[in-house]
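The structure appears right after this line, and notes come after that.
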Amino acid sequence: MFRIKLTIEFDGADFCGWQIQDGVRTVQQEIESALERQLGAPVRIHSSGRTDSGVHARGMVAHLDSPRDLPSKAYRDGLNRLLPHDVAILSAESVNDDFHARYSSTGKWYRYSIWNHPVRSPLQDRRVWHLKGQLDLESMRQAAALLVGTHDFAAFRAASCEAKTTVREIFDLDLTRQDRLLQIDIRGSGFLQNMVRIIAGTLVEVGQEKRSLDNVSELLVNGDRNAAGVTAPGAGLCLMEVCYR
């Protein structure tokens, strides 16, 4: 068997997330179907993590154990000929048998995008959260700074999250605005289910003057999900990069 690392880009708008599920379209299902056609046998791929419905990726990573010794370029170009328009293999490379897309990862970079304008953008609609009202960017940046570091993020996870520990490290959390587009870039050691989207929702409530900086600090202490912000829509979230040593 030959272990291959894939870096994948996809538009998640028409997918029910990454992981295979009965009766719905998923990214994993599309790639495994293409691999079976290419290699002539069923192949399981293992990803660096899951994405929810509507969430996008520019740098999802997965690996597979292939029964055939093909050039790396054959996986990229061959699979792209078989995949639908909304998913593509950016690169394929041979890796050692001890590489694992999930367990070898040292961190991830996510970007959450907000279209902050009274009028929605048809060109951006599938990739942003549209918010009409003005946001206080400086207050949002101050709140973001409170979340950087190693904390218990129990208040920032979905009720269905099954992680054994809720302690995570955020390396940096930056907010930038260019005209009408506000982007929240967050890099960390790992993330709980819906963690980035709940952080985005919480920061937005700070920017809307619905939530104080003291309240954000309290969330890291009390771990109360019901006290944190809304879960921002999946459309605004994109997995930008998975990091490895």
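The numbers here are math on the coordinates, done by the rules we state, and not lab data. Values in this document were obtained by computation on a predicted structure and should not be read as measured data. Counting neighbours? That spans all protein chains shown, and the Cβs are built from the backbone with ideal geometry, glycine included.
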Checklist line | the stretch 73-151-the stretch 179-215 distance, computed between alpha-carbon centres (Å) | finding: 14 Å
Next item on the list: Compute the projected area of the convex hull of the Cα atoms of the stretch 106-244, averaged over all viewing directions, and report it in nm² to one decimal place.
Entry: 8.1 nm²
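For the stretch 55-133, what does the alpha-carbon gyration tensor say about shape, rounded, prolate or oblate, given a ≥ b ≥ c as the root eigenvalues, a/c under 1.5 as rounded, and a/b over b/c as prolate?
On the way: a/c = 5.00, a/b = 2.01, b/c = 2.49.
Oblate.
Semi-axes, largest first, in whole Å: what does sqrt of 5 times each Cα gyration tensor eigenvalue give for the chain?
35, 20, 15
Could you work out the relative contact order of the stretch 106-244, using alpha carbon pairs under 8 angstrom and six or more residues apart, expressed as a whole percent?
On the way: 289 pairs, mean separation 53.0, N = 139.
Once normalised by length, the contact order is 38 percent.
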Item checked: Eligible lysines near Lys73 by straight Cα distance, threshold 23 Å, same-chain separation 8 or greater -> Lys5
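If contacts are Cα pairs under 8 angstrom and at least 6 residues apart, what is the relative contact order of the chain in percent? Don't skip to the answer; put the middle values down first.
Values: 544 pairs, mean separation 58.4, N = 245.
The normalised contact order for the chain reaches 24 percent.
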Item checked: Ranking of Trp115, Trp18 by count of other Cβ atoms within 10 Å, fewest first -> Trp115, Trp18
